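One structure is given below, encoded as structure tokens.
Derivation of every value follows stated rules applied to the coordinates shown; laboratory data play no part. Quantities reported herein were computed from a predicted structural model and do not represent experimental measurements. Cβ placement follows ideal geometry from the backbone for every residue including glycine, while neighbour counts extend to all protein chains displayed.
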Amino acid sequence: MKAMAPAMLTAEQAAALHPAPAVTASKLARLRLLAEDPNPRIRERAALDYHLPEDLFEKLARDPDPEVRACVARNETTPCDVLRSLTSDPSERVRGFLAVNFFVPTDAMDVLAADSSPIVRELVRWKSELASA
């Protein structure tokens, strides 16, 4: 029976077999349109995209809607300087998502570890435990 089981691929092998499509000018143009949409749910979609240009990350990090900023904080490809700027966001939810993003620089995590919110501080502690496990 074992001989009939499908072969397991490593992540690298699977990525080589199924490469991500190229980021085209039209994709970037669509992201720019999404980032400008009056509907905050549409801007959230843009903020979660891994191919968002840096200037749009910066713009959406200052969005008036906290859910859009939370999506920027969650995105693993958000530039470090943008993540740092979100440590002082007025929304506890934004800072909470920032606290659990594994790509936040150490200096920003130090700021979050001293956050006024016990929830944010607990999330920092929890992530630190996960990282050291």
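Listing for the model above:
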item: Every residue from the range 24-70 that is in contact with a Cys (Cβ under 7 Å, 6 or more places away or on another chain) and of a type in the set (A, V, I, L, M); result: Ala47, Leu48
item: Search result, residues across the range 38-47 that are crowded, with 16+ Cβ neighbours inside 10 Å and either among the aliphatic types (A, V, I, L, M) or part of a loop (DSSP other than H, G, I, E, B) (or both); result: Ala46, Ala47
item: Test: residue in the range 100-112 that is among the charged types (D, E, K, R) and out of contact with any Ser or Thr (no Cβ under 8 Å at 6 or more places or on another chain); result: yes
